[in-house]
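As structure tokens, the structure follows; a few thoughts come after it.
Rule-based calculations on the coordinates, nothing more; no lab input. Here the structure is a predicted model, which is why all the values come from computation and not from measurement. Using ideal geometry, Cβ is built from the backbone for each residue, glycine included, and neighbour counts are taken over all protein chains shown.
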Ligand SMILES: Nc1ncnc2c1ncn2[C@@H]1O[C@H](COP(=O)(O)OP(=O)(O)OP(=O)(O)O)[C@@H](O)[C@H]1O
Ligand SMILES: [Mg+2]
């Protein structure tokens, strides 16, 4: 059918035509933010899940929901290798300038901008990547000690006070939070904790890979009590159907029952894969309805496309030893697997493989769901490894 009208949206951060199966979480976040706005206790929400499950698009939708309710927001994505203060400072500035337009909040907004000026100036020595426009002179003694944990808490407190005066809340939306260094996470946790103790309307909605949960706990042992970590994963069968069917029906196209079932089985109901399969099934089909035969052909194209992009970019970043480690995991199935079993498959000692396992964790390829366990961060990566490394060479 006409690729021009193809409704599906495979791609990192591409909003899906139908955001299926996330209504409960949206409601949970709405309630949490409204409670924060009123100064009632509420946990910050950190969504955790594998690659391609829809964390980013959900975060964006939650932000839209919040903005529509009159909440002030900022959004950052933590890339590898930039400091949290450097990412946060310019976005906080923009948020504060906007808050300061509110007559009630003008004075407190300006005070927060002074705090930001002091914060940036004092931390510039340690975090040289901080670049932020300064609208006001710093106020000596306000968020300018040069110690991140202290200064960030002081800064967030002034920001929260301004938001409170404006009758709103400020919500920090942070994606890829697992890349933030532990000491910076610790400072963020402390700052949010202090603001919560003072009933100030400032909170965090974050997203990251599953290892985020452990990192937060290591950064501050009380993090578990301050945050909810809702897992984001594959869709329920009903939601997966809806994600496929609704966009097609909106274009007047039907999908037969066995074709739908086949897509659900091939994709394991993972959101990114659903979009890929939907797209290729649409392009392959000559007319409505999309039938099983279309899906069978689309599966070959979609698998090849994924192997060339989604899986391949990750695979190409690995050393041979890392590839072999992952291949041994794949041999054991989708996982999680005990480190001892992986080592046994490679006929090596667990200790001698520890450095490789650590590198793979650092690269975000695997994580440890519980002590001694190892799992892939990319869904269906085990099947890909079987395709790309067939045979037994990896054992050598
Ligand atoms: N609820 C959903 N229903 C249907 N499609 C979805 C849903 N959520 C996400 N998608 C689709 O899945 C794909 C991946 O989404 P997204 O980039 O948000 O994932 P992610 O979890 O942020 O991945 P990564 O960890 O790689 O950043 C996109 O093509 C998006 O359109
Ligand atoms: Mg993402």
Compute the long axis of helix 84-100 from its Cα atoms, compare it with the longest principal axis of the Cα atoms of the chain, and write down the angle in degrees, 0 to 90, nearest 10. 60 degrees
The orientation-averaged projected area of the Cα convex hull of the range 232-273, in nm², is 2.9 nm²
Convex hull of the range 19-58 built on C-alpha atoms - directionally averaged projected area, nm²: 3.1 nm²
To the nearest Å, what is the center-to-center distance of the range 256-279 and the range 172-240, using C-alpha atoms only? 31 Å
Shape metrics for the chain, restricted to C-alpha atoms - Rg then Dmax, Å: 23.5, 71
Extension gain (nm, one decimal) between residue 222 and residue 26, 0.36 nm per residue minus Cα-Cα: 68.0 nm
What 222 nm value per residue comes from the helices of the chain, counting each DSSP H run with n ≥ 4 as -39,500 (n - 2.57) and dividing by all residues, nearest 500 deg cm²/dmol? -16500 deg cm²/dmol
Packing-based exposure ordering (other Cβ within 10 Å, fewest first) of 350, 171, 53: 350, 53, 171
Volume of the Cα convex hull of the range 269-323, divided per residue and given in Å³: 86 Å³
I'm checking a number: the convex hull volume of the Cα atoms of the range 79-151, normalised per residue, in Å³. What is it? 84 Å³
Global form of the range 1-87, assessed from the alpha-carbon gyration tensor, a/c cut-off 1.5: oblate
Can you tell me how much longer the chain between residue 197 and residue 309 gets when fully stretched, taken as 0.36 nm per residue apart minus their C-alpha distance, in nm with one decimal? 35.7 nm
Based on the Cβ-Cβ distance from residue 249 to residue 362, what FRET efficiency comes out when R0 is 51 Å, to the nearest 0.05? 0.70
Assign one of three labels to the range 229-302, namely rounded, prolate or oblate, based on the Cα gyration tensor with a ≥ b ≥ c the square roots of its eigenvalues; rounded applies when a/c is under 1.5, prolate when it is not and a/b is larger than b/c, and oblate otherwise. prolate
Sorted from fewest to most neighbouring beta carbons within 10 Å, what does the list 190, 351 look like? 351, 190
By Cβ neighbour count within 10 Å, fewest first, 179, 325, 127, 222 rank 222, 127, 179, 325
Sites residue 68 and residue 296 - FRET efficiency at Förster radius 41 Å, r taken between beta-carbons, to 0.05: 0.45
Helix axis angle, 257-267 relative to the chain longest principal axis, alpha carbon, degrees: 70 degrees
Pairing the Cα long axis of helix 148-165 with the longest principal axis of the chain, what angle in degrees results, from 0 to 90 and rounded to the nearest 10? 80 degrees
On average, how much area does the Cα convex hull of the range 110-251 cover when viewed from any direction, in nm²? 12.0 nm²
Compute the relative contact order of the chain as a whole-number percentage, counting only Cα pairs closer than 8 Å that sit 6 or more residues apart in sequence. 19 percent
1/(1 + (r/R0)^6) with r = Cβ-Cβ of residue 386 and residue 103, R0 = 56 Å, i.e. FRET efficiency to nearest 0.05, evaluates to 0.30
Within the P(r) computed for the range 274-396, what percentage of the Cα pairs occupies the region above 19 Å? 51 percent
Which length gain, in nm to one decimal place, applies between residue 373 and residue 319 when the Cα-Cα distance is subtracted from 0.36 nm times their residue separation? 17.3 nm
